[in-house]
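A short worksheet on the structure shown next.
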Amino acid sequence: MTQAKDRNFDQLIDKFDRKIYQTAKGEWRLKLLKEDLTPFYDASDALTIWDAGCGFAQISLWLAKRGHHLTLCDVSEKMLERAREAFINEDVAAGFYVESAQTLALKLPQFDVILFHAVLEWLANPLPTLQTVIEQVKPGGHLSLLFYNRNTMVFGNVLKGGWRWKNVLDDSYLGKGSKLTPPNPQYPHDVIDFLENNHFKIITHTGLRVFHDYLNHETLAQSNADELFELESRYCRQPTFRDMGRYVHLVAQRL
């Protein structure tokens, strides 16, 4: 049996960029993340921040330009190079490592803030890896965790009906779909329980795209995008709705 591996996006970086960030939904994702992370952005003292699985590093660059000290890593050499180029273009310094978060964690000091964005769902062993990463959060420091929500995958497949219902009943939908469909989405309640059991307190809980991804193309085409984002903004942090977002963002403090 082939051993499961963490996902490397070297062969898909252009598709990843086009499908996720060069879209309105990608802009919403960055906007909501920045809203949640504004207290760290505005911190009076420079913070040490590790972006563990940085991708194109839009959030890291935003924080670094504010004067915070960034360390970045990714298993994708091509993605990391794209991130490095963005930092060079803005004349901002940072540390870059082509390495997985779980192996690099053993070599790094603790940080004021760790960003772990859209990585968990692509890992062969999500929660054991998260365990390794959160050990590098300083006592009193914070984890910013963004992950693909399994609730959304279940609900979306049920709405489509037909043969998909059997797949939902026996969990065979996991690992299926397009190359950009994560194999290990997580239930928010499981992740929250895990963090709380490891002495983290949830400070912020936000759902990203709580409505958008349930709307069909016809509905989206006939609707006002600005109004849709107003709806997203209104409901994204309310109980029930926040756990139905395509992604869930948690900011948690280590006690």
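Taking a ≥ b ≥ c as the square roots of the eigenvalues of the alpha carbon gyration tensor, the chain is rounded, as a/c is under 1.5. Quote the FRET efficiency, to the nearest 0.05, computed for H217 versus H189 with a Förster distance R0 of 30 Å and r equal to the Cβ-Cβ distance. Between H217 and H189 the formula returns 0.45. Scalar couplings 3J(HN,Hα) for the range 238-255, obtained by applying the Karplus form with A = 6.51, B = -1.76, C = 1.60 to θ = phi - 60°, are 8, x, 6, 5, 4, 8, 10, x, 4, 10, 10, 10, 10, 10, 10, 9, 7, 7 Hz; x denotes Gly and Pro. Note on the chain: GNM, Cα springs under 10 Å; of D74, D42, D91, the largest mean-square fluctuation is that of D91. Using a Cα-Cα cut-off of under 16 Å, which lysines could be cross-linked to K25, ignoring same-chain neighbours fewer than 8 residues away? Partners within reach: K15, K34.
Among K65/K138; K5/K176; K31/K65, which pairs are too far apart, with a Cα-Cα distance over 19 Å? Walk me through the numbers before you get to the answer.
Working: K65/K138 23 Å; K5/K176 16 Å; K31/K65 16 Å.
As for pairs spanning more than 19 Å Cα to Cα, those are K65/K138.
Beta bridges from DSSP with both residues in the chain: antiparallel share about 45 percent, rounded to the nearest 5. Judged by the gyration tensor of its Cα atoms, with axes a ≥ b ≥ c, the range 93-184 is prolate; a/c meets the 1.5 cut and a/b is the larger of a/b and b/c.
Apply the a/c threshold of 1.5 to the C-alpha gyration tensor of the range 140-245 and tell me whether it is rounded, prolate or oblate. Verdict is oblate for the range 140-245. On the protein heavy atoms, probe 1.4 angstrom, tell me the percent of accessible surface of the chain carried by carbon and sulfur. Heavy-atom surface of the chain belonging to carbon and sulfur, 1.4 Å probe: 50 percent.
The values are calculated or read from the model by the stated rules, or taken from the named source; none is laboratory data. Just so it is clear, the model here is predicted, and its values are computed rather than measured. Glycine gets a Cβ as well: all are built from the backbone with ideal geometry, and neighbour counts include every protein chain shown. Ligands, DNA and RNA are excluded from the accessible area calculation, which covers all protein heavy atoms including side chains. Shrake-Rupley method; radii C 1.70, N 1.55, O 1.52, S 1.80 Å.
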